[in-house]
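All of the numbers you see were taken from the coordinates with simple rules; none came from a lab. Since the structure is predicted, the reported quantities are computational estimates derived from the model, not experimental observations. With ideal geometry, Cβ positions are generated from the backbone for all residues, glycine too; neighbour counts draw on all protein chains shown.
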Amino acid sequence: MGETTANLLVAIVGALGTVAAALAVFLARRGLEYLESKTQFLKDEADLRKAESIRDRVEKAVIAAVSATQQTLVDRLRQSSADGKLTGEEAAEAFRRALEGAGMVLEAEGVQIGQDALGLLVEAAVHKLKENKALGRASAA
């Protein structure tokens, strides 16, 4: 083998070694990026599950508080009313009590939520309970 051929082979092997090293670094970096994205995805998934769990607890607590208020205060006020309807003042009082009840239940659960957001949740729970009652009456008929 001639000196030129030997030099050429050494140069080729050296170049291949450099390319192989660069490829190894590239693949390692891509692997780490992939693992990072998978780790972030799992973290996001865990955060989402935690948020859904909290949302479910809040929804159940608010519906329970609104239902309890409706069962006691609203029913009592309607029975004492001549036409069976609540006045604006009575409805406001029922809403305030439902809001307080939901707040106490959530506080006991260790869930803090803003007063405005809680008010919206109470309104949604009232609406949901009314729909369920209407559906119950419709299916009974």
**Request:** Please verify whether the range 39-49 includes one or more residues that are among the β-branched types (Val, Ile, Thr) and loosely packed, with under 12 Cβ neighbours inside 10 Å.
**Result:** yes
**Request:** Mind listing whichever residues of the range 1-12 are of a type in the set (Val, Ile, Thr) and loosely packed, with under 10 Cβ neighbours inside 10 Å?
**Result:** Thr4, Thr5
**Asked** Within the range 11-63, which residues are of a type in the set (A, V, I, L, M) and under 30 Å from Ala124 (Cα atoms)?
**Response** Ala46, Leu48, Ala51, Ile54, Val58, Ala61, Val62, Ile63
**Message:** Test of understanding: among Ala64, Ala117, which residue is surrounded by 12 or more Cβ atoms within 10 Å (Cβ to Cβ) and under 24 Å from Lys50 (Cα atoms)?
**Reply:** Ala64
